[in-house]
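First up is the structure itself, then whatever we jot down about it.
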Amino acid sequence: MHGNGRKKLEIYKMRKKILITGGAGFIGSHVVRLFVNKYPEYDIVNLDYLTYAGNLGNIKDVVEAPNYSFEKLDIADASAVNALFKEQHFDGIIHLAAESHVDRSIENPMSFVLTNVIGTVNLLNAAREQWKGKMDGKRFYHISTDEVYGSLGKEGFFLETTAYDPNSPYSASKASSDHFVRSYGETYDLPYVLTNCSNNYGPNQFPEKLIPLFINNIRNNKSLPVYGDGMYTRDWLYVLDHALAIDLVYHSGKNTETYNIGGFNEWTNIDLIRLLCGIMDKKLGRAEGTSVKLITYVKDRPGHDRRYAIDASKINEELGWKPTVTFQEGLAATVQWYLENEEWLNSVTSGDYQNYYSSMYSKRS
Ligand SMILES: NC(=O)c1ccc[n+]([C@@H]2O[C@H](COP(=O)([O-])OP(=O)(O)OC[C@H]3O[C@@H](n4cnc5c(N)ncnc54)[C@H](O)[C@@H]3O)[C@@H](O)[C@H]2O)c1
């Protein structure tokens, strides 16, 4: 075989098919975009059930790419998952699909069990079946959260070795899925890697989470509901930095290892909200101090963890990852994106969102 033929064969050999679940959601959409653009030699299959949190508009710039395809499917439906794995052979799975909002888990824990626990086990079973006897070079990458570790006091950080101590139905369901992933590694030699990340923020986040919710409320002159005393502390990471970490761990992380990912960037909710109000006042041409007046303290969320903080030195020392975007840069870019994408914001906050919003916050005010 000469020149072109050999080249084609080599490219064919290099081709890999990667299943990304939850690719129409917030973080997943950034991961899909990164992989589709950066790895033309990979076929990226985006599996998403398009729940309220999933929106193909998040990835409209990549849906026409030749190495992208989409499967609408509920991961809690074992037969649908198995049918997909019968049809397509995957070299790797990057699993992000989840029910992801703590407040919703308090209202309806069972949907978290179905998607986060059963959905994950369905994918593990399908991967195990597909890769039986040929696990070499395969990888099941499970994306998880720092919330599985529970709550910290004023001092200390979550390490990869910190014992799990989940307090909400959301974090309990993610903890359970993490345990299942590890158990499939131990029991069936399934090649896996797992990361636990701190709070993400950035473009395309559904406006039920703190930062986009407040950007939207400030824009509409609506009150800013702050839970409890506002002194809850979170470690914030720009979503693109999470996507870059996922790329690195997928390609260079060690099998059966866990890596914590964090922003080295702790903020109390109230300080963060004040900062956001200042940025929004400037962007909207409002007098300084206008938006801060929208802050309203509301009844606390039950089981509210006081502080999360990640020690991300393992991923830094072993794989060389660190955040590239400062909080000031990331927050300014995020505000700008929401202001420039009013149509997106209006479309996702129409219909059911209004009912959801009043049911979540009216009883707490
Ligand atoms: N957002 C954060 O701050 C954060 C931090 C750490 C870890 N994580 C984890 O990262 C992952 C993604 O989080 P996100 O914030 O992008 O979530 P998201 O809610 O924005 O997106 C979740 C996606 O999963 C899809 N989905 C939900 N149920 C499904 C089902 N049954 N079958 C198939 N698809 C389904 C939704 O349609 C949506 O597109 C989750 O596993 C979450 O636990 C999130």
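The values are calculated or read from the model by the stated rules, or taken from the named source; none is laboratory data. None of these values were measured; they are calculated from a predicted model. When we count neighbours, we look across all protein chains shown, and the Cβ atoms used for this are built from the backbone with ideal geometry, even at glycine.
Taking every residue in the stretch 100-118 that is in contact (Cβ under 8 Å) with a residue 60 or more places away in the chain and pairing it with any residue that is in a helix (DSSP H, G or I) and hydrophobic (A, V, I, L, M, F, W, C), at least 6 positions away or on another chain, the pairs with Cβ-Cβ distances below 6 Å are Asp103/Met360; Ser105/Phe112.
Only one of these is among the hydroxyl-bearing types (Ser, Thr, Tyr), closer than 26 Å to Thr349 by Cα, part of a helix (DSSP H, G or I) and more than 9 Å from the ligand (Cβ to nearest atom): Ser79, Ser105, Ser111. Name it. Walk me through how you get there before you give the answer.
On the way: Ser79 fails: closer than 26 Å to Thr349 by Cα; Ser111 fails: more than 9 Å from the ligand (Cβ to nearest atom).
When all the criteria are applied, what remains is Ser105.
Is it the case, given these coordinates, that Gly230 is among the small types (Gly, Ala, Ser), at pLDDT 95 or above and touching a helix residue (DSSP H, G or I) at 6+ places or on another chain (Cβ under 7 Å)?
Numbers: among the small types (Gly, Ala, Ser): yes; at pLDDT 95 or above: no; touching a helix residue (DSSP H, G or I) at 6+ places or on another chain (Cβ under 7 Å): yes.
For Gly230, the condition - among the small types (Gly, Ala, Ser), at pLDDT 95 or above and touching a helix residue (DSSP H, G or I) at 6+ places or on another chain (Cβ under 7 Å) - is not met.
Suppose the filter is more than 20 Å from Ala175 (Cβ to Cβ), touching a residue at least 24 places away in the same chain (Cβ under 8 Å) and not hydroxyl-bearing (Ser, Thr, Tyr); does Asn316 pass it?
Details: more than 20 Å from Ala175 (Cβ to Cβ): yes; touching a residue at least 24 places away in the same chain (Cβ under 8 Å): no; not hydroxyl-bearing (Ser, Thr, Tyr): yes.
In short, no.
Which of the strands (runs of 3 or more DSSP E) found entirely inside the stretch 246-333 contain at least 2 residues meeting this: among the polar types (S, T, N, Q) and modelled with pLDDT of 95 or more?
Working: elements: 258-261, 266-268, 295-298.
Result: 258-261.
Of the set (1) surrounded by fewer than 16 Cβ atoms within 10 Å (Cβ to Cβ); (2) at pLDDT below 95, all apply to Glu87 but (2). Filter the stretch 138-184 for residues that are free of Cβ contacts under 8 Å to residues at least 60 places away in the same chain and among the β-branched types (Val, Ile, Thr) and give the result. If the condition is that a residue be free of Cβ contacts under 8 Å to residues at least 60 places away in the same chain and among the β-branched types (Val, Ile, Thr), then Thr145, Val148, Thr161, Thr162 are the ones that fit.
Restricting attention to the stretch 299-317, does a residue exist that is over 24 Å from Arg234 (Cα atoms) and loosely packed, with under 15 Cβ neighbours inside 10 Å? Can you show your working first?
Kept after step one, since they are over 24 Å from Arg234 (Cα atoms), are these residues of the stretch 299-317: none.
Checked the stretch 299-317: no residue is over 24 Å from Arg234 (Cα atoms) and loosely packed, with under 15 Cβ neighbours inside 10 Å.
For the structure I just gave you, tell me whether Gly92 is over 15 Å from the mean Cα position of the chain (by Cα) and small (Gly, Ala, Ser). The answer is yes for Gly92.
Somewhere in the stretch 33-52, is a residue assigned to a helix (DSSP H, G or I), near the ligand (Cβ under 10 Å from one of its atoms) and not small (Gly, Ala, Ser)? Within the stretch 33-52 (the criterion being assigned to a helix (DSSP H, G or I), near the ligand (Cβ under 10 Å from one of its atoms) and not small (Gly, Ala, Ser)), the answer is no, since none of the residues qualifies. In this entry, Asn122 passes the filter for residues that are within 10 Å of the ligand (Cβ to nearest atom), out of contact with any Ser or Thr (no Cβ under 7 Å at 6 or more places or on another chain), polar (S, T, N, Q) and not in a loop (DSSP other than H, G, I, E, B). As a summary of the residue check, Glu99 satisfies the conditions (1) more than 9 Å from the ligand (Cβ to nearest atom); (2) surrounded by 14 or more Cβ atoms within 10 Å (Cβ to Cβ); (3) acidic (Asp, Glu); (4) at pLDDT 95 or above except for the one numbered (1). Looking across Glu208, Glu155, one residue alone is among the charged types (D, E, K, R) and within 30 Å of Asn108 (Cβ to Cβ). It is Glu208.
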